[in-house]
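Readers should treat all values here as calculations from the given coordinates under stated rules, not as data from a laboratory. All of these numbers come straight from a predicted model, not from anything done at the bench. Glycine also receives a Cβ, built like all others from the backbone with ideal geometry; neighbour counts cover every protein chain displayed.
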Amino acid sequence: MEEIRRQFSLRLIGNRVNPDYRREAPWERWQERPASHAAQKSASISLRPGERIVRSACYSCNMCCEVLVFIDEATGRILRVEGDPESPISKGVLCAKGLAARDLVYNPGRLRHPLKRAGERGKGKWERISWEEALDGIAGRLLEHRRKDGPQGVAFLQGTMRGWSRVYSRLANAFGAVNHGAAGWAQCLWPRLVDNSVTFGATYTEVPDFENTRCVLVWGTNPASTWPYFASQIMDARQRGAALIVVDPYLSETAAKADLWIQLKPGTDTALALTLLHTVIGEGRCDSEFIRDWTVGFDRLAEHIGTYTPEWGEAITRVPAALIRKAARVYATAKPSAIYRCVSLDTVHDSIQACRAVSILAAVTGNIGIPGGNVTVSKRGETSQNTHAFIGYDLLPPDKIPLRRGFDEFPLLCDTLSPVPTAHMPTLWETVASDAPYPVKAALIFGSNALISYSNTPRVEAAMRKLEFIAVCDLFMTPTAQMADIVLPASSWLERDNLISSFQVCPTYTIAQQKAVELAEARSDVDIVCDLAGKLGLADHFWSDSGELYDSLVKPTGLTFREFKKKKRMHAPFVYRQFEKNGFDTPSGKVELYSSLLEQNRCAPLPVYTEPLAGPAAGPDRQQEYPYILTTGWRLPVYRHTENRQNPLLREVHPRPGVLIHPDTAARLDIAEGDPVTIETGTGAATLFACITLGIHPDVVQATPGWPGRANINRVIPWGRFAEGIGSVPMRGIRCRLEKGSADGVDPQEGGYR
Amino acid sequence: MNSRIVMAIDLDRCWGCRTCEVACKQELALAAGPRPMRVMETGARLLDGALHRDFIPTLCQHCDRPACLAACPVEAIVREADGTIQIQPETCNGCGACVTVCPFGVIEADGYEGVPVKCTLCKARREGGAVPSCAQHCIGRVMTLIDEDRFEQWRQGRYAWKTGRIAYVSDKWTGLGQALNDPQ
């Protein structure tokens with residue numbers, strides 16, 4: 001049947017492309033398309049007899065689309081989860097992850113009770129215990145290790161958690177755990193946030209104003225797969241006539257719709273951004289008024305970018321110089337233009353420089369703070385959790401802070417410029433493994449599948465085996481939870497209230513998530529953190545439970561959280577050109593093209609390009625041995641990080657971990673579609689299944705991350721050189737070799753955690 | 001639901017995110033296995049010197065001359081007033097004739113307890129005034145449900161192909177559907 005469908009679809013579209021399709025460059029001759037071109041919006045809700053609705057917000061990714069949870073009145077069970085057609089934010093759309101989220105509650109693999117290890121570590125023998133016993137046990141061990149080794153000897157690790165909150169960071173700081181952090185952060189979001197802070201003085205992120213833009217420059221992200229309602233806004237902008245420029249080494253779903261697809265060599269983002277800047281400045285396509293009134297360092301920048309010509313860039317990035325010039329012209333002249341950038345810029349070897357170079361492009365073209373550009377946002381009505389006050393940074397004993405691993409080398413990550421000052425994780429894991437310079441013997445792990453989500457998995461696994469005490473809080477018995485001494489059952493987003501107040505995902509609204517159902521003894525990790533704080537003697541710094549926390553957060557709006565939930569959301573519209581009133585919150589009060597804060601922190605104050613070579617296979621003498629370039633950026637629309645492989649409806653859409661490989665390369669290595677391919681870097685090996693495509697360069701392979709076991713691509717990511725100042729682990733542009741592998745032990749069902 | 005409806009699928013808007021596949025399965029309460037909606041992809045193709053990668057949602061076309069309806073030995077497949085083709089599970093004997101004859105390969109054999117399953121254009125939702133689940137949740141807003149008599153005006157001269165209640169529309173593909181119309 002699948003083959004009949006395939007033949008039908010190919011015959012349907014044929015192979016004759018309309019030569020005029022988007023040839024007109026509509027962004028140059030702007031006019032609104034007739035409304036009938038816009039696709040349908042659903043206004044009606046599909047409520048049926050015997051059902052009731054709980055209005056909530058999905059947390060199957062960070063996007064937080066508003067949803068309706070349909071519940072059977074007779075049984076109280078969730079029947080389905082749908083997008084909320086009345087939402088002014090997501091307007092009824094909801095991706096596969098949200099639509100299939102019911103399984104999060106009813107999957108037989110869900111953890112339902114606290115568990116204590118009953119046999120040898122990792123042997124899978126567990127004994128059910130009460131919450132009281134579990135929290136007492138964890139608190140007792142953490143306090144014992146703090147007494148013995150000092151607070152630096154207890155690691156507080158987290159992942160994306162099950163909801164959006166910073167209480168866990170507050171717990172770490174109140175406990176004195178300088179070695180706090182996440183698998184992401186330094187290579188996910190933090191470089192962009194630090195860039196925002198040093199360049200624009202904005203506390204949080206710069207937001208693309210898709211609804212008013214005439215050009216979207218998507219850089220290092222595939223919103224069609226990973227940022228659902230932003231993707232719907234980008235598609236609407238495109239169909240309205242906005243230009244779509246996509247920077248991606250692979251012809252991703254988003255790149256496939258681009259007017260200009262910029263297929264760069266992985267890891268050369270900074271070089272590309274510098275050549276775009278060279279073109280924009282060299283051709284005089286800047287906003288000279290904005291530069292004069294609102295930036296500092298332009299002259300030094302103009303001099304600095306002199307050598308970064310498109311021809312220089314072509315040799316490094318492989319992007320034809322003519323295409324670089326064209327992209328720079330479209331971006332600068334289609335104005336207002338909005339940049340949408342994501343994790344790839346955080347996972348290059350020079351993350352902070354790459355982020356800065358892209359921000360500077362937006363600044364010199366005057367696309368900051370204007371309708372249709374990138375709007376910087378810093379605060380709104382409720383109390384923000386994204387402040388050092390909220391995370392209790394002042395609770396950390398000042399004499400302990402320099403003990404944080406990575407503190408001297410990575411000030412942008414470990415010190416106060418960081419949104420959450422955190423340890424440098426590779427350095428911390430090396431400390432766990434070696435007891436140098438001090439012992440770290442205990443770890444509390446919340447919402448993180450650390451054994452899969454950290455790079456250099458073999459090293460992390462070895463370190464984790466040395467820990468004397470591990471407690472894990474999660475939804476499923478993940479490979480990480482299997483290593484634990486005590487496992488706590490967290491609730492999924494369908495089982496908990498939450499106040500979602502994140503500029504990254506929802507720039508103009510604060511939204512309420514509402515509990516729809518309960519599952520056994522699973523609890524919200526905010527409640528667990530509050531209780532654990534009590535057991536650790538830190539109750540004075542905490543709330544009695546999540547309800548009290550949410551009440552305190554919404555208090556400035558004059559509402560209780562219960563009242564807020566009834567309203568469901570709070571609107572804080574964009575304020576354009578806010579800088580005209582308040583300036584920029586940088587030392588100079590202006591956009592710092594030349595960054596005084598980076599200079600003070602011993603980092604390059606103007607973005608410079610450096611070679612993206614990393615790891616044992618880096619040297620030029622090793623290129624024959626390791627002839628291919630690996631990137632691990634292939635995100636699938638049905639998964640998020642390590643999540644969702646246990647969900648049957650999502651798993652059938654993408655059953656196996658894949659690696660994208662060019663047909664010429666596959667032929668050379670005798671690899672056919674679907675064959676196992678072993679990728680080796682000198683750090684480790686991983687085996688994934690070949691997905692052969694012309695959409696990737698012949699010497700580049702792109703793997704999909706987040707799979708357990710031998711398919712985990714993090715097994716090959718080396719720890720050699722880290723990004724200057726912030727310590728990001730490079731995952732784009734790693735030298736590797738490939739061979740046809742064996743599927744033994746790469747069980748496609750391994751991801752089930754059942 | 002007296003007038004005939006059309007669900008237009010704007011191929012130029014499809015991101016290939018598979019949201020419709022899962023939306024469909026949730027609406028029809030299907031377990032893993034049958035997949036009435038499938039997004040097929042062309043893979044990266046080199047056409048006129050440029051790479052193209054395209055996505056085509058495939059589902060029951062609710063044909064004007066349905067082979068399945070003709071082939072059903074127990075008359076379990078019916079055409080409704082709105083023009084949609086529906087399988088009546090209470091009449092179906094599970095013989096699978098419809099699955100075999102469907103020229104689009106979109107009737108899935110193992111639906112519920114031996115009864116084949118296919119797109120209903122979300123009959124239950126439409127009865128309640130809502131649009132089909134794929135259309136509502138689609139990240140590219142690809143699908144639009146409209147009355148048939150408004151379709152010509154709606155498509156504004158863009159290329160279109162339909163053989164029933166589903167209309168594929170595109171600015172990009174000049175030969176849309178021609179290969180299907182030609183005699184094999």
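Would you order A:Val364, A:Val608 from fewest to most other beta-carbon atoms within 10 Å of each residue's own beta-carbon? Don't jump to the answer; show the numbers that get you there.
On the way: A:Val364 26, A:Val608 16.
Ascending Cβ contact count within 10 Å gives the list A:Val608, A:Val364.
Separation of segment A:720-735 from segment A:280-307 is 29 Å, based on Cα centroids. To the nearest Å, what is the center-to-center distance of segment A:66-88 and segment B:1-58, using C-alpha atoms only? After rounding, the separation between the Cα centres reads 24 Å. Here's the picture: charge each Lys and Arg Cβ at +1 and each Asp and Glu Cβ at -1 in segment B:125-184, and of B:Gly177, B:Ala160, B:Gln136 the one pushed furthest to the positive end of that dipole is B:Gln136. For B:Met40, the amide hydrogen comes within under 5 Å of the amide hydrogens of B:Ile56, B:Thr58, counting only partners 5 or more places away or on other chains and with H modelled in the peptide plane.
Near B:His52, the amide H atoms lying under 5 Å from its own belong to B:Arg45, B:Leu46, B:Leu47; only residues 5 or more places off or on other chains count, and H is placed 1.01 Å from N.
Which is farthest toward the positive dipole end of segment A:366-486 among A:Asn374, A:Ala442, A:Thr416, measuring Cα position about the Cα centre, with Cβ charges +1 (Lys, Arg) and -1 (Asp, Glu)? Among A:Asn374, A:Ala442, A:Thr416, the one farthest towards the positive end of the dipole of segment A:366-486 is A:Asn374.
Ranking of A:Lys581, B:Lys118 by neighbouring Cβ atoms within 10 Å, starting from the fewest: A:Lys581, B:Lys118. Using only the alpha carbon atoms of segment A:297-433, find the Kirkwood hydrodynamic radius as the inverse mean reciprocal pair distance, in angstroms to one decimal. Across segment A:297-433, the inverse of the average 1/r is 18.5 Å. Helical content alone sets the calculated 222 nm signal of chain A at -8000 deg cm²/dmol, taking -39,500 (n - 2.57) per DSSP H segment of four or more residues and averaging over every residue.
Placing unit charges on the Cβ atoms only, positive for Lys and Arg and negative for Asp and Glu, gives the protein assembly as shown a dipole magnitude near 680 debye about its Cα centre. Rounded to the nearest 20, the Cβ-based charge dipole of segment B:54-163 about its Cα centre (Lys and Arg +1, Asp and Glu -1) stands at 380 debye. Couplings 3J(HN,Hα) for segment A:236-250, derived from phi with the Karplus relation 6.51 cos²θ - 1.76 cosθ + 1.60 (θ = phi - 60°), are 4, 4, 4, 6, 6, x, 5, 6, 10, 10, 10, 9, 6, x, 10 Hz, where x marks Gly and Pro. Here B:Trp161, A:Trp227 are placed in order of increasing Cβ neighbour count within 10 Å, fewest first, which gives B:Trp161, A:Trp227. Remark: segment A:508-516, residue by residue, has Karplus-estimated 3J(HN,Hα) of 10, 9, 9, 10, 9, 9, 10, 4, 9 Hz, where x stands for each Gly or Pro and the curve is 6.51 cos²θ - 1.76 cosθ + 1.60 at θ = phi - 60°.
For segment A:620-752, what is the charge dipole size about the Cα centre, in debye to the nearest 20, if Lys and Arg each add +1 at the Cβ and Asp and Glu each add -1 at the Cβ? Each step should come with its number before you reach the end.
On the way: 14 positive and 15 negative charges, 77 e Å.
In total the dipole reaches around 380 debye.
Dimensions of segment A:620-752 along the principal axes, based on C-alpha atoms and rounded to the nearest Å, stand at 46, 40, 27, largest first. Centre-to-centre separation between the Cα atoms of segment B:153-184 and those of segment A:527-561: 58 Å. Values of log10 I(q)/I(0) for the protein assembly as shown across q = 0.06, 0.10 Å⁻¹ run -0.41, -1.22, by the Debye formula with one identical scatterer at each alpha carbon and no solvent. Can you pull a Stokes-Einstein diffusion coefficient for chain B at 10 °C (1.306 mPa s), Rh from Kirkwood over Cα pairs, as a whole number of µm²/s? The calculation lands on 93 µm²/s. With a Förster radius of 41 Å applied to the beta-carbon distance between A:Glu132 and B:Arg45, the computed FRET efficiency rounds to 0.10. For segment A:369-473, the share of alpha carbon pairs falling in successive 5 Å distance bins from zero is 2, 10, 15, 18, 18, 14, 9, 6, 4, 2, 1 percent.
Residues whose amide H comes within less than 5 Å of that of A:Val591, counting only those at least five positions distant or on another chain, are A:Thr295, A:Val296 (H built at 1.01 Å from N in the peptide plane).
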